[in-house]
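No lab work stands behind these numbers, since they all come straight from the coordinates. These numbers come from a predicted model, not from an experiment. Using ideal geometry, Cβ is built from the backbone for each residue, glycine included, and neighbour counts are taken over all protein chains shown.
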Amino acid sequence: MAFLEIARLHKDYGPVEVLRDIDLSIEEGGFLVLVGPSGCGKSTLLYTIAGLESVTRGEVRIDGRTVNDLPPSKRDIAMVFQSYALYPSMNVAENMGFGMEMRGVPKAERRRAVAEVAKTLQIEHLLERRPAQLSGGQRQRVAMGRALVRNPRLFLFDEPLSNLDAKLRIEMRTEIKRLHQSLGTTIVYVTHDQIEAMTLATRIAVLKDGVLQQFGTPAEIYADPANLFVADFMGSPPMNLIPAAVRADGPSPSLLVERAGSEPAALPAGVKGLDAYVGRETILGIRPEAITEVPADGAANGSTVVDCRIEVVEPAGADTYVITHLGGREVVARTSPDCGVRAGETRPLAFRMDKAVFFDPATHDRIRG
Amino acid sequence: MSAAAQDTAVHTAVRTGRLARAAIYAGLLVFAVYYLLPLYVMVVNSVKPLDEIRSGDMLALPRAFTIAPWLSAWSTAQIGVEPTGLVPYFWNTIRMVVPAVVISTLMGALNGYVLTKWRFRGDTVLFGCLLFACFIPFQIVLIPMASVLGFLNLAGTTAGLVLVHVVYGLGFTTLFFRNYYDAFPTELVKAAQIDGAGFFRIFWRILLPSSGPIIVVTVIWQFTNVWNDFLFGVSFSDYDSMPMTVALNNLVSSSTGVKEYNVHFAGAILAALPTLVVYVVSGRYFVRGLMAGAVKG
């Protein structure tokens, strides 16, 4: 049964609709990531779950109970803020114990709980310090400690890693995942970083302009995007989105893609929904890893080989990204570093068309078979 | 440019810099002397016997040093018709200043907290109205204030003066705290809400402990304004609530006997001394507060 449920949630600020009819749910122990560009309403959604923002319509239910009218402190939640929000006039121990102090927990018990959490997070030596005396990473840890010490049923994270440098961000990401695995507490996590979303989530909700674009597991979101926005937003480097003409060609339609310097390339369509698009345009979506060099022993099943003019070669260590132009767009292919591709040459690339997805250029919706 | 020419150029530049600097210091010195001269005159003449002043030279150092004028101004000089010195009025002022400063500072802090962290419809309009209070001249409010005090049965009392100064100071104190709290992270308030702290608890435990610098600024501002006020004091006080500024005026303009200039000077310094002390003492805290803010991340 769903532990956290958000049903037809709607939020207005005066005439501005910030959230429009959001439906989401996450099972107990799940890790829900709300992801989207800035201004998409993801933080507002988190704040309504916390009770820091009211809702205009709809319901927030935690463990079957509607909490719309409960104040934040009664929802059995803990929150980690983007700025960490550590109380500047209190030391670390007082910061962590403040919630318990407000609930009237005796001092000895408070101290024991703080010490225990401090030990798991390895911040025992910082307990007497003020937030101003801590580094960014230490503040981040203390903020998590303050949330942990409450022992809540639901953790809320509001872009907790966005103020850290790249290396620390990756370390803390792993730590949060480890913490989630060992505690098993339900987490709702807001980020604009799609890699964080992919690595942490058991479920991802992609938002744009206050509308839920897609809700699913990371694998579903990545491989089976519901629309052009999700396809473009998730994945790094992003999915190649190539305009293609659909033409009737025997029993099933095929695609024609403009190529720089030679005649258009033909690719099989392979999706039944494209029948309705014959004579019109579609947008072919294909991830960089589905375009590779042609192996020495010939292209794999489901691949189509197209000669492409290589414009730029970007070695990234484990992979070499190769950039070419198709349909007037830059197209990135992921090749192995030892295939010896060089800029300026024309080279056959294998397109895994069984991995391709198609979108309507007008509505941006997915075309399915 | 040759090396020698360059050397001369550098030399000239250094010399011009030095000259400019000397000119600046000389100018500053002139201003300082000009500004400090009245204080010098007051101090020097407050420790002279009266006939030494009458004999002429106001700028001369005392030949016969005496603290009698100070003692007289403090406790025996004729104020109006009573030979009480300034001391009872000093206490009147203290009884007025302390509550007026404490109440107006706290209310200003509370206003600033509400106007920035508990926003409501029309809050900017309300703040605008409060700001307007900063631009109202004292004279305009005298008559309506007098009738309000009469209506509240507070006319001529210290409590009445406290009310007047709190009302008049609220615009400024609200402005100070609103601007300070505007930069105070709202996420801290949200975090405290999740931790279960209520409206006043958040104010006392989260905001006020971080408000040191702005409290000092507000207290200095309010203390000097209320302490130095003459118009409200002379308009709304009675004999037993009369503040020191009014008493000083009565001391100086007292028409019986000779003009005791040395006593007048001593009295004027006594009346000004507390504001000076406040500047010296809290000025240090003020700077310290700014430094603490500078290293806060």
note = Those helices of chain B passing the 18 Å axial Cα length cut-off and the mean Kyte-Doolittle cut-off of 1.0 (DSSP H runs only) are B:138-151, B:212-228, B:261-295
remark   = the range A:22-51 and the range B:188-265 have their Cα centres apart by a whole-number Å value of 50
query = Dividing the alpha-carbon Rg of chain B by 2.2 N^0.38 Å yields what?
reply = 1.35
query = Can you list residues whose amide H is under 5 Å from A:Asp12's amide H, if they're 5+ apart or on another chain and H is modeled 1.01 Å from N?
reply = A:Val18, A:Thr56
ask   = Once the principal axes of the Cα atoms of the range B:64-153 are found, what is the range along each, listed largest first in whole angstroms?
value = 67, 30, 24
query = In units of 2.2 N^0.38 Å, what is the alpha-carbon radius of gyration of the range A:64-158?
reply = 1.07
Average beta-carbon neighbours from other chains, 10 Å sphere, peptide A:81-94 = 5
ask   = With the calculation restricted to Cα positions, what are the radius of gyration and Dmax of the range B:16-66 in angstrom?
value = 16.3, 51
request  = In whole angstrom, note down how far apart the Cα centers of the range A:155-189 and the range B:18-59 are.
outcome  = 67
ask   = Taking the Cα atoms only, what angle lies between the long axis of helix A:107-121 and the longest principal axis of chain A, rounded to 10 degrees?
value = 30
query = Got the relative contact order for chain A handy, in percent, Cα pairs under 8 Å and 6 or more residues apart?
reply = 15
remark   = Here the range A:39-44 yields Karplus 3J(HN,Hα) values (6.51, -1.76, 1.60; θ = phi - 60°; whole Hz; Gly and Pro given as x) of x, 7, x, 5, 5, 4
key: Listed peptides A:202-209, B:131-138, A:131-138 by packing density, highest first (mean Cβ within 10 Å)   = A:202-209, A:131-138, B:131-138
task = Assuming 1.567 mPa s and 4 °C, estimate D for the range A:240-367 with Stokes-Einstein, Rh taken as the Kirkwood radius over Cα pairs, in µm²/s.
result = 87
task = Arrange the following residues from fewest to most other Cβ atoms within 10 Å of their Cβ: B:Tyr279, B:Tyr261.
result = B:Tyr279, B:Tyr261
request  = Neighbouring Cβ atoms within 10 Å as the yardstick, rank B:Phe31, B:Phe199, B:Phe172 fewest first.
outcome  = B:Phe31, B:Phe199, B:Phe172
ask   = Quick one: what Rg and Dmax do you get for the protein assembly as shown from the alpha carbons, in Å?
value = 37.8, 126
inquiry  = Under 5 Å between amide hydrogens, which residues at least 5 positions from A:Val190 or on another chain qualify, with H placed 1.01 Å from N in the peptide plane?
reply    = A:Leu34, A:Phe157, A:Asp158, A:Glu159
Rounded to 10°, Cα long-axis angle of helix A:92-102 versus longest principal axis of chain A = 70
key: In Hz, Karplus ³J(HN,Hα) per residue of the range A:321-337 (6.51, -1.76, 1.60; θ = phi - 60°; x = Gly, Pro)   = 8, 10, 10, 9, 10, 9, x, x, 10, 5, 10, 9, 10, 10, 10, 7, x
message = Can I get the semi-axes of the range A:2-233's equivalent ellipsoid? Compute them from the C-alpha gyration tensor as square roots of 5 times the eigenvalues, in angstrom, largest first.
response = 30, 20, 16
inquiry  = Just want the ordering: A:Arg309, A:Arg366, from fewest to most Cβ atoms lying within 10 Å of their own Cβ.
reply    = A:Arg309, A:Arg366
query = Normalised by the number of residues in the range B:168-289, what is the relative contact order in percent for Cα pairs under 8 Å and 6+ residues apart?
reply = 28
